[in-house]
1. Could you go through the stretch 316-329 and let me know if any residue there is crowded, with 21+ Cβ neighbours inside 10 Å and closer than 23 Å to Pro36 by Cα.
2. Yes or no: the stretch 67-77 includes at least one residue that is more than 20 Å from Val139 (Cβ to Cβ) and either in contact (Cβ under 8 Å) with a residue 12 or more places away in the chain or among the β-branched types (Val, Ile, Thr) (or both).
3. Any idea which of Gly205, Gly196 is within 21 Å of Glu64 (Cα to Cα), over 12 Å from the mean Cα position of the chain (by Cα) and surrounded by 24 or more Cβ atoms within 10 Å (Cβ to Cβ)?
4. For Ile234, are the conditions met, namely being out of contact with any strand residue (DSSP E or B) (no Cβ under 7 Å at 6 or more places or on another chain), open to solvent by less than 40 Å² (accessible area, probe 1.4 Å) and either within 16 Å of the ligand (Cβ to nearest atom) or aromatic (Phe, Trp, Tyr) (or both)?
5. If I ask for residues that are within 23 Å of Ser200 (Cβ to Cβ), exposed (fewer than 13 other Cβ atoms within 10 Å of the Cβ) and not small (Gly, Ala, Ser), which ones from the stretch 246-289 would you list?
6. Can you name the residue in the stretch 217-233 that is within 15 Å of the chain's Cα centre (by Cα) and touching a residue at least 40 places away in the same chain (Cβ under 8 Å) and, of all such residues, is farthest from Lys307 (Cα to Cα)?
7. What do you reckon, is Ile189 touching a Pro at 6+ places or on another chain (Cβ under 7 Å) and closer than 30 Å to Phe327 by Cα?
8. Identify, from the list Arg150, Arg140, the residue that is over 22 Å from Gly49 (Cα atoms), in contact with a Ser or Thr (Cβ under 6 Å, 6 or more places away or on another chain) and in contact (Cβ under 8 Å) with a residue 12 or more places away in the chain.
Amino acid sequence: MNSLATKLGRVNRALLATLPTPLEPLHNLERQLKYPGIFIKRDDLTGLGPGGNKLRSLEFIAGEAIARGNDTLIASGPVQSNLCTLTAAACARLGLNCILVHNGGETGQLTGNLLLNRLLGAKSYFIGDVTAKERSEFVRELAETIAPERSPYIIRNGATTGTGALGYTNAIPELVQQFREKSLPTGTIFAPGGNGGVASGLIYGNALLGFPFNIVIISVEDDKQTLSINIGNIISELEEILGLPFGHSLNQSCIIDDSYRGDGWGINTEMSSRAVLDFPKTEGILIENVYNSKVLVGMQDYIRLGKVEGPVCYLHTGGLGSLFAQFSR
Ligand SMILES: *Cc1c(COP(=O)(O)O)cnc(C)c1O
């Protein structure tokens with residue numbers, strides 16, 4: 001623990017998130033599923049903007065940018081990208097300029113995260129229906145155009161980088177502490193796998209602390225093999241940044257489950273659509289469609305099928321802004 005804490009303490013970091021985020025029991029869900037010991041880790045309540053997991057990543061990304069003397073963050077993503085909105089919030093807090101590049105067109109009405117981006121003062125570009133490669137190219141050229149008046153830092157790969165993943169490596173000691181305070185035996189964490197940033201941070205931190213938790217990653221996008229490769233690559237970056245070897249195989253360190261993703265990113269399954277409607281009525285907590293709904297479906301299934309023992313912890317990764325653009329009536 002000490003060496004992880006020491007190494008993390010030496011990395012540049014901008015304090016942005018309100019931590020620790022609450023760890024709360026879900027008593028109504030416990031009753032529904034007849035399973036004691038269901039908890040939610042409220043990373044939707046990280047404090048800035050609409051909250052969410054990306055703020056943990058941005059602490060280390062903005063920390064690196066500031067240490068390098070950059071004065072502008074450039075983030076890119078789809079129009080309702082949670083990363084873009086949290087980047088705008090982080091920039092406002094830190095006094096940095098924020099530029100957002102969206103693939104997709106400008107919509108007439110400012111809905112969801114688009115409204116928040118405007119309120120947070122970001123400068124937004126809408127570059128239409130382009131490939132990821134074309135978007136990166138646009139960002140690179142834009143960064144060149146604004147220099148040398150501005151010194152931009154480009155956030156790569158949706159903040160799914162080793163630097164970004166440090167946020168969730170750092171969340172493991174936080175969770176260990178919270179479980180200890182509640183006198184709980186450590187249990188199983190259910191978390192989403194998109195590009196794999198959250199997943200790799202958690203898996204790496206958990207391994208370095210001697211596996212206090214079981215980790216189940218519910219893929220919301222790719223098949224198990226693709227997600228595993230992405231996670232493996234980010235873990236290699238983490239090893240390089242902290243200089244602490246992971247030293248385990250991914251297979252032995254976690255479960256990666258791709259059976260709840262349906263047709264992939266942003267496409268609901270019948271069960272995930274229902275979860276978005278049912279969970280707020282059960283617990284008074286809102287979840288969005290792309291990530292949190294599929295993780296909840298997976299966790300409930302594991303509980304029903306008797307695939308877990310002991311406390312379970314549902315990692316709520318936020319994304320509240322996007323929820324307002326996910327329903328048209
Ligand atoms: C980005 C994001 C995730 C996780 O994505 P990874 O790319 O796997 O790190 C999860 N939930 C929400 C709400 C997000 O915005």
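The values are calculated or read from the model by the stated rules, or taken from the named source; none is laboratory data. Owing to the predicted nature of the structure, the values given are computational and were not obtained by experimental measurement. Heads up, the Cβs are rebuilt from the backbone with ideal geometry, glycines too, and the neighbour counts pull from every protein chain shown. Each accessible area value is taken on the protein alone, full model and side chains, heavy atoms only, with ligands, DNA and RNA left out. Shrake-Rupley method; radii C 1.70, N 1.55, O 1.52, S 1.80 Å.
1. Looking for residues that are crowded, with 21+ Cβ neighbours inside 10 Å and closer than 23 Å to Pro36 by Cα, one finds at least one in the stretch 316-329, hence yes.
2. There is at least one residue in the stretch 67-77 that is more than 20 Å from Val139 (Cβ to Cβ) and either in contact (Cβ under 8 Å) with a residue 12 or more places away in the chain or among the β-branched types (Val, Ile, Thr) (or both).
3. Gly205
4. yes
5. The answer is Asn251, Gln252.
6. Residue satisfying both the conditions and the ranking: Asn230.
7. no
8. Testing whether each residue is over 22 Å from Gly49 (Cα atoms), in contact with a Ser or Thr (Cβ under 6 Å, 6 or more places away or on another chain) and in contact (Cβ under 8 Å) with a residue 12 or more places away in the chain leaves just Arg150.
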